[in-house]
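The values are calculated or read from the model by the stated rules, or taken from the named source; none is laboratory data. Keep in mind it's a predicted model, so treat the numbers as computed, not measured. As a convention, Cβ positions derive from the backbone with ideal geometry for all residues, glycine included, and neighbour counts pool all protein chains shown.
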Amino acid sequence: MPRTSGAPYVTGLTCVRCGRRTRRGLDGPCPRCGPEGVLDIEYDVTRVRRSLTRRALAQRPRTVWRYAELLPVPESGRRPPWAPGGTPLAPSPPLARWTGVRRLLLKDEGRNPTASFKDRASAVGVTRALARRARVVACASTGNAATSLAGAAASVGLPCVIFVPEFAPEPKVAQLLVFGARVLRVKGTYDETWELCQRACDRHGWYNRNAAVNPSLVEGKKTAGLEIAEECGNEVPDWVVVSVGDGCTFAGIWKGLQEMHALRFIPRLPRMLGVQAEGARPLVDAFHEGRDLVPGPAETLADSICVGHPRNWRKALAAARDSGGAFVAVSDEQILEAMREAGRLAGVFGEPAGVAGLAGLRQAVAAGLVGRRETALAVVTGSGLKDVKSATRAAGAPFELPPEDAALDAHLEERPLSPRS
Ligand SMILES: *Cc1c(COP(=O)(O)O)cnc(C)c1O
């Protein structure tokens, strides 16, 4: 059987819309369905199983490339030097109490090279662009996809064009500019920005990093699922909790977990809990009403999940359904509270979309959807330094004090330091 070029373990791709298989198109949508027809990449699991063993993994660096057999990349060739992945996974008993579950693990994706989960996808995207000898890479993003692409492109010297919608937070835009990307701030919605980028890539032959239409990007996101499975081994959590915008992160993690289950790294699969913001909840509604996606409004301070028309809705709904999971929505107030509590109780600083999952888990426990005796793993998808304005809203202002002992003592008397609960 001829193998899909440049990706030795890939056997083919299937369109999630029409179900047809193809051998081409590692970087674009289904040739028949267009952008609605997101492709899913498949691997030769029998061959992968022979080389991707626990013993082999023990010798490999803790980056996304340790799972190269399960990625659509050539075995050799140039890769970005700042490899994402290998992010810390740690239990937090205080946050377990706050959310209400018996045990809670946090995976801090803010520790990636440009401080978000998106680095996993961009590393694969830029490697694909190099393999295809693309001269320019581009994407439309609310921020993190763009900053990760700009960083990875800078590290290999590829020109990078970024289309950002007007509401992107300043720190993310600053990151883009520091990485030397061409930044185009589009006076329009995210959807309009996305369409403009799409057309630009078609017209100029740029490598398109837009995650939903480019199946290779979801493969990069999948590495978090692979990593979770490898690290958890027999202690699979009952739930894996992820915030959801376009749905690629959620679907990617689920795919990684399934592959590791097929490779027998984990004995069973967790259930997937997807969390959206109240003001941008089309997947929550589609899931609860058991129907296809209907695009809806998008308004939330969690800019990274402020998506009214999720591009990867079919994969996201399937991940919740197939895992016996669920979707919940949380308010901006709940997100700010989670930002404060994750910082205060666990020392983890997440941006609003980064901690939305924690807010959703707490809500799901309160609603009886997740049991108090169950265990969970929450993916904190991006760093709080990405959105300092929201952090300040969540945490408030410092106390003012003259440089005098008496003033300090008076302050401490009025507000004693107490243990954290
Ligand atoms: C992009 C992003 C998400 C959501 O990922 P999707 O693939 O769009 O669902 C969540 N959190 C952060 C920090 C992100 O940047």
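Within the range 298-313, being assigned to a loop (DSSP other than H, G, I, E, B), among the β-branched types (V, I, T) and under 17 Å from the mean Cα position of the chain (by Cα) holds for one residue alone: V307. For G77, the criteria (1) within 16 Å of the chain's Cα centre (by Cα); (2) assigned to a loop (DSSP other than H, G, I, E, B); (3) small (G, A, S) hold in every case but one, which is (1).
Against the conditions (1) within 26 Å of H309 (Cα to Cα); (2) surrounded by fewer than 22 Cβ atoms within 10 Å (Cβ to Cβ); (3) more than 15 Å from the ligand (Cβ to nearest atom), where does F167 fall short? Just the number, please. Unmet for F167, out of (1) within 26 Å of H309 (Cα to Cα); (2) surrounded by fewer than 22 Cβ atoms within 10 Å (Cβ to Cβ); (3) more than 15 Å from the ligand (Cβ to nearest atom): (3). Condition first: among the aromatic types (F, W, Y) and surrounded by fewer than 22 Cβ atoms within 10 Å (Cβ to Cβ). Can you find one or more residues in the range 66-75 that meet it? No, the range 66-75 contains no residue that is among the aromatic types (F, W, Y) and surrounded by fewer than 22 Cβ atoms within 10 Å (Cβ to Cβ). Somewhere in the range 294-308, is a residue surrounded by fewer than 24 Cβ atoms within 10 Å (Cβ to Cβ), within 16 Å of the ligand (Cβ to nearest atom) and more than 25 Å from A115 (Cα to Cα)? Within the range 294-308, one or more residues are surrounded by fewer than 24 Cβ atoms within 10 Å (Cβ to Cβ), within 16 Å of the ligand (Cβ to nearest atom) and more than 25 Å from A115 (Cα to Cα). Here P8 meets the list (1) assigned to a loop (DSSP other than H, G, I, E, B); (2) within 24 Å of the chain's Cα centre (by Cα) almost entirely, failing just condition (2). Just so you know, in the range 202-225 the residues that are among the hydrophobic types (A, V, I, L, M, F, W, C) and at pLDDT 95 or above include one that is farthest from the ligand (Cβ to nearest atom), and it is W206. For the range 343-385, the candidate set comprises residues that are near the ligand (Cβ under 10 Å from one of its atoms) and assigned to a loop (DSSP other than H, G, I, E, B); within that set, the residue that is farthest from S418 (Cα to Cα) is T381.
Being of a type in the set (D, E, K, R), in contact (Cβ under 8 Å) with a residue 24 or more places away in the chain and assigned to a helix (DSSP H, G or I) is the requirement here; does R340 meet it? Criteria met by R340.
Table: residues versus (1) part of a loop (DSSP other than H, G, I, E, B); (2) touching a residue at least 12 places away in the same chain (Cβ under 8 Å); (3) of a type in the set (D, E, K, R).
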residue	(1), (2), (3)
G12	no, yes, no
L26	yes, yes, no
E36	yes, yes, yes
A56	no, no, no
Y67	no, yes, no
A83	yes, yes, no
G86	yes, yes, no
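Of V213, V236, V186, all but one fail to be more than 23 Å from G274 (Cβ to Cβ) and not small (G, A, S); the exception is V186.
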